[in-house]
Amino acid sequence: MSEMVVVKKALLNERHLRPGRTKHTTTDKNGSREFPPFISLVITHSPDQAEFILWRFCENRLKAHTHHDTLEDALHQAEWEFSVAPNEWADTNEPFS
């Protein structure tokens, strides 16, 4: 299996919708609660898999993700959810950790 790599990344700021149009929750021993505001996004891909994964990161490194069939689908989700414009993404090819 190939390593997952980050193909796109973007920082979220006051221009973007925060918390966004989608409600993300996390559950642990203390119950269920909404995520803190997300501060950055990355899209990852593994060459031996067809899907792309859109990751949302909070300041405390808590993260949420969704799976998408294409890179365009992942970019569209980020645009709809947070108003991230296409020119706000940085191209990269770094390992995902």
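What follows is calculated from the coordinates using simple rules that are stated; it is not laboratory data. Everything numeric in this text was worked out from a predicted model, so none of it was measured. FYI the Cβ positions are ideal-geometry reconstructions off the backbone, even for glycines, and counts take in every protein chain you see.
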Which one of the conditions (1) outside any strand (DSSP E or B); (2) surrounded by 12 or more Cβ atoms within 10 Å (Cβ to Cβ) does V6 fail to meet, given that it meets all the rest?
(1)
Considering every residue within segment 13-28, establish whether at least one is surrounded by 14 or more Cβ atoms within 10 Å (Cβ to Cβ), without any contact (Cβ under 8 Å) to a residue 60 or more places away in the chain and outside any loop (DSSP other than H, G, I, E, B).
yes
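Results for (1) among the basic types (K, R); (2) farther than 28 Å from N93 by Cβ, shown as yes or no for each residue.
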site	(1), (2)
R15	yes, no
P19	no, yes
D28	no, yes
R33	yes, yes
P36	no, yes
T44	no, no
Q49	no, no
